[in-house]
Amino acid sequence: MPPRRRMTPDDRRSQLLAVGAQLFAQHPYEDVLMEHVAERAGVSRALLYRHFAGKQELFAAVYRQATDRLLERVPFDRPGDLLAQLEDGLDVHLDYFIAHRNTVLAANRVLVGDPVVQTIIDGELDELRTRLLDVVPLADESVRAAVAGVLKSWLVFVRVLCLDWLTEETCTRTELRDTCVGALLGALRPFLGDDLR
């Protein structure tokens, strides 16, 4: 074990999150042990457990941080440019999913029943739906609730499709992204018609 450096509690927590993120990305969830995290970080297990009560708590903190960073990078802020924003947003997510396959699969398959992880996933989907709703060209506000429902369903569709693709790549990355975009454009057409570009 390398010699331990003195750090502030916040810096130490950040270091442990970074090490945890690395290990969860590199290995399946069940193969990551808290002692591996402590060893890689150069700390005692006791110190690690002072910051995180267990592996699920560490994973949830890693996943929350990753989700927050993803949301910061998703560019849903250009009204009138829905297609480009969909493609850009999906590219951001797919880049992360590919680089952190094990983390994404753990959150959505291994820990699917964990209430903390599920809350993080639900929060991300709600935030993405809200942002998308703000950039969809709604000429008639009376369809807003219906469009919100379509967006919610589409986000779940994308999540399931991407998880299946991470498990077995049955198409190219571009085909996956274009399928997701096409599915939403097709689903919105009855509500937006010619306003959809």
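Some values worked out for this structure:
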{"quantity": "Paramagnetic reach from Thr172 (point 7 Å along Cα→Cβ, amide N under 18 Å) across the stretch 97-112", "calculated": "98"}
{"quantity": "Helical mean residue ellipticity (222 nm; -39500 (n - 2.57) per DSSP H run of 4+; nearest 500) of the chain", "calculated": "-23500 deg cm²/dmol"}
{"quantity": "Per-selection Rg to Rh, the stretch 45-108 - Cα, Kirkwood hydrodynamic radius", "calculated": "1.15"}
{"quantity": "Protection-proxy order for peptides 85-92, 134-141, each taking the mean of Cβ atoms within 10 Å per residue, highest first", "calculated": "85-92, 134-141"}
{"quantity": "Centroid-to-centroid separation of the stretch 106-138 and the stretch 56-97 [C-alpha atoms, Å]", "calculated": "10"}
{"quantity": "Two-site label geometry, Gln65 and Thr8: point separation in nm, points 7 Å out along Cα→Cβ", "calculated": "1.6"}
{"quantity": "For the stretch 18-101: relative contact order, % (alpha-carbon pairs under 8 angstrom, 6 or more apart)", "calculated": "30"}
{"quantity": "Stretch gain in nm, segment Glu57-Gln118, where the contour uses 0.36 nm per residue and the Cα spacing is subtracted", "calculated": "20.7 nm"}
{"quantity": "Check: the chain dipole with +1 on Lys, Arg Cβ and -1 on Asp, Glu Cβ, in debye", "calculated": "940"}
{"quantity": "Debye equation applied to the C-alpha atoms of the chain, log10 I(q)/I(0) at 0.09, 0.10, 0.13, 0.14 Å⁻¹", "calculated": "-0.41, -0.49, -0.75, -0.84"}
{"quantity": "Rg and Dmax [Cα atoms of the stretch 1-115; Å; Rg one decimal, Dmax integer]", "calculated": "16.4, 55"}
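Coordinate-derived values only; no laboratory data. Since we're looking at a predicted model, the values are computed, not measured. Heads up, the Cβs are rebuilt from the backbone with ideal geometry, glycines too, and the neighbour counts pull from every protein chain shown.
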